[in-house]
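The values are calculated or read from the model by the stated rules, or taken from the named source; none is laboratory data. As the structure is a computational prediction, the values presented were derived from the model and not from experiment. No Cβ is skipped: glycine too gets one built from the backbone with ideal geometry, and neighbour counts run over all protein chains shown.
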């Protein structure tokens, strides 16, 4: 039975990776960097639109480029690494949870993680946060497994070396947070517990060697090829990103509270009890407390990103596996009557989503018109229905006294609800993805035809047209790369007009107001495609 449930879960997990188009901005960016890496064969220097891009390390680029080489360039291959690491993260919580807290708590923890909205959602997006979360979680859990009471010293040492290796892979996934955050949590735990022996058991010498063997080669090679790398990567992308508002992702300090609340559906009501459970100390101070460590992990990382000058919803993803383990511990101790109340709340939440689904159209704007949201409404309604069914099943099995089946009902309800929201997001693709306009452009785009992107850069366009564009009067996040390779862009409109008039044939993409300005200037242009946000023009034959 469990094998059939696992097979059904895996089928649902991977079912929609291809269905919806890549959307702005992260998905297009990371799909394109990996595509260029696969095409050029340069696996050392990441490039976005042909321009040096040092914001993040290369592990996910390598994995995605490898998927492209094996399976081709598709929506699903661009999302394969986050989906795989997300699935492996669930397996990791299951196996480590069984060893740390017992089979029941481990199974429930995996179920919670596999059905939490934010974990599923980010596991189906091409961002770097799921890979980072997997390796940070592996670091924490390997460390916890090494601290178990009465463990063989050789086994403990091996688990600590696994922790160091996973921390190295976390650094290669998204940067220094992969080692800084786990190290800070270990230090805080040792301080609060007044247990310095934890620090002495870290296998410092061998562990650092393992860490450097994994991380140092790429950093050395990319620095050798690009002397400007270190200053940008370590200073700008770490310290300035955290301490300043330079990336324009300014949010209030409480920003992650509603993100976490929505992301824990359908398990949110268990959160307070789980946090209290994590702080309880049923054992003496000198005995290692894995639940307390997970609580410190959760709180510290949540606070760390809450005080940062740059915030995105996915930043708190690394706390989800720890929270899932704490909630799994709570569920293992929760009686049927209490579980029934939780199931009622899930059922009511589903009814609310179902009733309010037509209100989604109120989010419409000039860029995302009502018609697209109207197509999205049935998917939101289906998500509400999934929660209703999950809550109803849980109530039914609670009345029969079958807690396991009740929790499975809620878990699959949460999984299906989130997958409906993700899949239905494809209805908004015409406003958020360049897939459709790229399809219209391709008949006019020969291999050597110059293609200019005037005052804009669509992160998803290059992936779908399978080539780069020449930026005009726009730098964005490529400013640092263009500073070192200024030949790769045109800095202003007069430069573009001169280049356009000098080409035998050319294409350009721009916003409607830019098109109106250039048309007023008398620039010869013929519209070949347009959508809600952009106009694509070619140089008319008569103007050659």
Pairing a residue in region 76-88 that is free of Cβ contacts under 8 Å to residues at least 40 places away in the same chain with any residue that is surrounded by fewer than 19 Cβ atoms within 10 Å (Cβ to Cβ) and in a helix (DSSP H, G or I), where Cβ atoms lie under 8 Å and the two sit 6 or more apart in sequence or on different chains, gives 77/71
For this session: Could you check, for region 53-67, whether at least one of its residues is touching a helix residue (DSSP H, G or I) at 6+ places or on another chain (Cβ under 6 Å), more than 20 Å from residue 166 (Cα to Cα), in a helix (DSSP H, G or I) and free of Cβ contacts under 8 Å to residues at least 60 places away in the same chain?
Result: yes
In region 517-525, is there at least one residue being closer than 27 Å to residue 68 by Cα, surrounded by fewer than 17 Cβ atoms within 10 Å (Cβ to Cβ) and in contact (Cβ under 8 Å) with a residue 12 or more places away in the chain?
no
Scanning region 147-167 residue by residue, those surrounded by fewer than 23 Cβ atoms within 10 Å (Cβ to Cβ) and not in a loop (DSSP other than H, G, I, E, B) turn out to be 153, 154, 155, 156, 157, 158, 159, 160, 161, 162, 165
Expected single match for modelled with pLDDT of 95 or more, outside any loop (DSSP other than H, G, I, E, B) and buried (at least 18 other Cβ atoms within 10 Å of the Cβ) among 303, 344, 361, 353 is 353
Filtering region 488-512 for residues that are farther than 26 Å from residue 48 by Cα and either at pLDDT 95 or above or part of a helix (DSSP H, G or I) (or both) leaves a count of 2
Taking region 527-544 and the residues there that are over 38 Å from the mean Cα position of the chain (by Cα) and surrounded by 13 or more Cβ atoms within 10 Å (Cβ to Cβ), the one that is nearest to residue 458 (Cα to Cα) would be 539
Taking region 143-169 and keeping residues within 19 Å of residue 99 (Cα to Cα) and in contact (Cβ under 8 Å) with a residue 40 or more places away in the chain leaves 143, 144, 145, 146, 147, 148, 149, 156, 157, 160, 161, 163
The residue that is nearest to residue 229 (Cα to Cα), considering only those in region 472-481 that are in contact (Cβ under 8 Å) with a residue 12 or more places away in the chain and surrounded by fewer than 24 Cβ atoms within 10 Å (Cβ to Cβ), is 480
